[in-house]
Amino acid sequence: MHLFTSRLLLRPVDAADVDLLAALDADAEVMRFVSGGVPTPTARVADWVIPRMQLQQQEYGTGMWLAFDAHTMAFVGWVQMRTPRHSGALELELSYRLRRETWGHGLAREAASALIAAIFTSTPTTRIFAGTDVDHHASRRVLEALGMRLAADTDAAALTRRDACLEYEILRSVWAVGRGRGAAVSATAPPTSRSGMTA
């Protein structure tokens with residue numbers, strides 16, 4: 001499934017995307033809250049990251065979408081919906097990673113909003129959640145702009161611990177009420193996968 005917003009084209013990850021993803025992860029600032037600034041080895045991107053995301057796409061209609069500038073086709077980053085390994089609930093985990101040069105322009109929100117809309121309108125998913133460090137204020141602002149709120153079971157004490165990881169969530173029912181605030185999005189897609197989402 002390809003997604004289109006006013007500024008972005010999103011498409012599923014491909015084996016040929018190794019160099020784009022490796023270069024993104026080579027930026028220490030991009031990886032600051034992911035690995036402490038350590039880059040992801042190219043071999044790991046090729047042998048584990050991409051195949052894992054493609055398997056998610058094949059089995060569940062989820063996975064990783066690469067985002068490109070709709071006008072220049074410059075690589076912007078990626079947004080991902082992952083099926084949790086140990087959950088039987090109708091929920092997915094959102095994550096995203098953008099090139100540092102694109103930060104501060106609302107593109108993470110635009111890409112994630114498009115994917116959230118696609119998921120909620122084409123699958124039975126009832127909850128989307130995302131984790132972020134308590135000190136990662138930029139990421140927290142993105143999640144809050146998406147309409148996500150701290151998970152109901154969040155320990156208030158976590159907000160005062162610098163090493164805490166916070167979980168944000170949005171429920172389908174909440175998203176449906178506020179969907180008019182999201183980015184305009186259109187999609188083209190081949191036949192529907194087993195999960196109910198087009199693959």
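The values are calculated or read from the model by the stated rules, or taken from the named source; none is laboratory data. This one's a predicted model, so the numbers in the text were calculated from it and none came from an experiment. Every residue, glycine among them, receives a Cβ derived from its backbone with ideal geometry; neighbour counts consider all protein chains shown. Quick note on the areas: whole protein, heavy atoms, side chains included, nothing else; ligands and nucleic acids left out. Shrake-Rupley method; radii C 1.70, N 1.55, O 1.52, S 1.80 Å.
Quick notes on this structure:
- Those residues of region 5-36 which are hydrophobic (A, V, I, L, M, F, W, C), open to solvent by 30 Å² or more (accessible area, probe 1.4 Å) and closer than 15 Å to Q80 by Cβ, in sequence order: L20, V34
- Hey, G104 open to solvent by 60 Å² or more (accessible area, probe 1.4 Å) and farther than 18 Å from M53 by Cβ or not: yes
- Per-region count, region 51-89, residues exposed (fewer than 14 other Cβ atoms within 10 Å of the Cβ), part of a loop (DSSP other than H, G, I, E, B) and not hydroxyl-bearing (S, T, Y): 8
- Reported count of residues in region 111-135, each being of a type outside the set (V, I, T), in contact with a Gly (Cβ under 9 Å, 6 or more places away or on another chain) and surrounded by 18 or more Cβ atoms within 10 Å (Cβ to Cβ), is 5.
- Checking A23 against (1) over 17 Å from the mean Cα position of the chain (by Cα); (2) part of a loop (DSSP other than H, G, I, E, B), the condition it does not meet: (2)
- Contacts under 6 angstrom Cβ, first residue in region 66-94 being without any contact (Cβ under 8 Å) to a residue 24 or more places away in the chain and within 20 Å of I50 (Cβ to Cβ), partner acidic (D, E) and part of a loop (DSSP other than H, G, I, E, B), 6 or more apart: none
- Condition met for R11 (more than 14 Å from A108 (Cα to Cα), in a strand (DSSP E or B) and out of contact with any Lys or Arg (no Cβ under 8 Å at 6 or more places or on another chain)): yes
- Selection over region 148-170 of residues that are in a loop (DSSP other than H, G, I, E, B), over 24 Å from G36 (Cα atoms) and open to solvent by 80 Å² or more (accessible area, probe 1.4 Å) gives a count of 3.
- The residues of region 108-138 that are more than 18 Å from V34 (Cβ to Cβ), assigned to a helix (DSSP H, G or I) and touching a residue at least 24 places away in the same chain (Cβ under 8 Å), listed by number, are R109, E110, S113, A114, L115, I116, A117, A118, I119, F120, S122.
- In this entry, V18 passes the filter for residues that are farther than 28 Å from T121 by Cα and part of a helix (DSSP H, G or I).
- Residue pairs whose Cβ atoms lie under 8 Å apart, separated by 6 or more positions or on different chains, with the first residue in region 139-164 and β-branched (V, I, T) and the second exposed (fewer than 14 other Cβ atoms within 10 Å of the Cβ), do not occur.
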